[in-house]
Amino acid sequence: EDKVVQSPLSLVVHEGDTVTLNCSYEVTNFRSLLWYKQEKKAPTFLFMLTSSGIEKKSGRLSSILDKKELFSILNITATQTGDSAVYLCAVFQGAQKLVFGQGTRLTINP
Amino acid sequence: NAGVTQTPKFRVLKTGQSMTLLCAQDMNHEYMYWYRQDPGMGLRLIHYSVGEGTTAKGEVPDGYNVSRLKKQNFLLGLESAAPSQTSVYFCASSLGLAGGEKAKNIQYFGAGTRLSVL
């Protein structure tokens, strides 16, 4: 059975801290791994990773994929209160479907 | 840019009632999806469609039906609502094959419909 597991499930840090969110997966016919940010409503796309070892970066956020060990990490440096959200990891597998993890709820305290 | 629009935003049903959730996208996307999101369980795929007139079952299809009569619309129906269907429902769409291998993987989401079944 295809599975995507995120850790931790919940994380509370202070503004300015650096956080690392984890995503491990076991899926058949892996195509790509995606990260989404979900605030109040719709998940919004952050990154798509298809190749191992190539870091994707956008401002203070970065992500990398390890296809040998079957995991990805999402790093956020110099966190701000606006980074508070649920971060979702999803894996796109051959049957045109995304399999989602449970999400990590990140809270940034001022 | 409307993107993906879901209606209604909120709904309360009694057990046994029926309803239809509407998803509309204006991005000419080929693929469309319906998910439900429950606490601690992430997003689970209910049904999806890879083109007008086609539908397929996802991970949790029981108790739901879908139709894709027009490319821009994807309807999710509950024939006889049950309390277990209380959830937040999200619609998403993606380019599909026309967007190339990478672009088709990125799904864009609507704002969600919060449904309570009493």
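The values are calculated or read from the model by the stated rules, or taken from the named source; none is laboratory data. For clarity, every value in this text was computed on a predicted model and none was experimentally measured. Here the Cβ is made from the backbone with ideal geometry for all residues, glycine too, and neighbour counts use every protein chain on show. Please note that ligands, DNA and RNA were not included when accessible areas were found on the heavy atoms of the full protein model with its side chains. Shrake-Rupley method; radii C 1.70, N 1.55, O 1.52, S 1.80 Å.
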Okay, strands (runs of 3 or more DSSP E) sitting entirely in the range B:35-118 with 2 or more residues that are closer than 20 Å to A:V86 by Cα and among the charged types (D, E, K, R), I get none
Practice problem: Return a yes/no flag: does the range A:73-80 have any residue that is surrounded by 14 or more Cβ atoms within 10 Å (Cβ to Cβ), modelled with pLDDT of 90 or more and closer than 21 Å to B:P39 by Cβ. | Solution: no
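Residue by residue through the range A:82-105, note down the ones that are of a type outside the set (A, V, I, L, M, F, W, C) and part of a loop (DSSP other than H, G, I, E, B).
Taking the range A:82-105 as the starting set, the residues that turn out to be of a type outside the set (A, V, I, L, M, F, W, C) are A:82-84, A:87, A:93-94, A:96-97, A:101-105.
The answer is A:S84, A:G94, A:Q96, A:G101, A:Q102, A:G103.
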When A:L46 is run through (1) under 29 Å from B:K9 (Cβ atoms); (2) open to solvent by 10 Å² or more (accessible area, probe 1.4 Å); (3) at the interface with another protein chain (Cβ under 10 Å from one of its Cβ atoms), the failure sits at (3)
Per the list (1) more than 19 Å from A:W35 (Cα to Cα); (2) modelled with pLDDT of 95 or more; (3) touching a strand residue (DSSP E or B) at 6+ places or on another chain (Cβ under 6 Å), residue check on B:H29 breaks on (2)
Across (1) under 25 Å from B:Y108 (Cβ atoms); (2) part of a loop (DSSP other than H, G, I, E, B), A:T79 clears everything bar (1)
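Just need a number here: residues in the range A:1-57 that are small (G, A, S), at pLDDT below 95 and part of a strand (DSSP E or B).
First, the residues of the range A:1-57 that are small (G, A, S): A:7, A:10, A:16, A:24, A:32, A:42, A:51-53.
Keeping just the survivors that are at pLDDT below 95 gives A:32, A:42, A:51-53.
Filter once more, keeping what is part of a strand (DSSP E or B): A:32.
Here the count works out to 1.
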Listed by first then second residue, the pairs whose first member lies in the range A:54-66 and is charged (D, E, K, R), whose partner is at pLDDT below 95 and surrounded by 18 or more Cβ atoms within 10 Å (Cβ to Cβ), with beta carbons under 7 Å and at least 6 positions apart or on separate chains, are A:K56/A:F47; A:K56/A:L49
Filter the range A:23-36 for residues that are without any contact (Cβ under 8 Å) to a residue 60 or more places away in the chain and surrounded by 19 or more Cβ atoms within 10 Å (Cβ to Cβ); the one that is farthest from A:K3 (Cα to Cα) is A:Y36
